[in-house]
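The values are calculated or read from the model by the stated rules, or taken from the named source; none is laboratory data. In this text, all values refer to a predicted model and were calculated from it rather than measured experimentally. Neighbour counts are summed over all protein chains in view; Cβ atoms, including those assigned to glycine, are modelled from backbone coordinates with ideal geometry.
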Amino acid sequence: MAYFADVLIFFAFIFVITDFFAMSYGVFTTAGAVFFVVGTVILFSVMHTVPSFFLRIVLPTYITLTIFVSIFVYLGYKAYRSKVKIGGATLLKEVGEVAKDIKAGGEGKIVVNGELWTAFSDYEIAKGSKAIIIEIDKRLRLKVKPHDNRE
């Protein structure tokens, strides 16, 4: 039985090392961690020369680490699923106030979320009116159209 535990621990290290080179999104590391815990539990339970502190110290440590890893995996997944909070994509469909008249086919200024941006439009939009962002070009100019309150 001790040899089986040694093989599990050996494969645990192989799985963790493999995860450095293969894109498994942590599957190999998780398998390695499980193999390591099971292997050490078997190893400590079959070897009678090992002190009895294993069940009092090492096993609770494994359980605590498992709880922390589970919490971090949950928080990571939650962050992955959350809406983008920065970058140009957050500006699309935002409504801003025109700070400088925008001539049709020309440029003007618009305030969005407290920031002043250069805007251009196919429509003429007067200062003080609302405009909605429909596109962001490569020069970080906002393409806007007049905001209709019914939208």
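The figures follow:
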{"read-out": "Selected residue (criterion: farthest from the chain's Cα centre (by Cα)) from residues of the stretch 112-128 that are farther than 15 Å from Gly87 by Cα and surrounded by 15 or more Cβ atoms within 10 Å (Cβ to Cβ)", "value": "Ile125"}
{"read-out": "Test for Lys78: is it closer than 30 Å to Tyr25 by Cβ and at pLDDT 90 or above", "value": "yes"}
{"read-out": "Filtered residue count, the stretch 94-151, keeping only those that are of a type in the set (Asp, Glu) and part of a loop (DSSP other than H, G, I, E, B)", "value": "7"}
{"read-out": "Residue count for the stretch 74-93, restricted to those that are farther than 14 Å from Lys130 by Cα, of a type outside the set (Gly, Ala, Ser) and assigned to a loop (DSSP other than H, G, I, E, B)", "value": "6"}
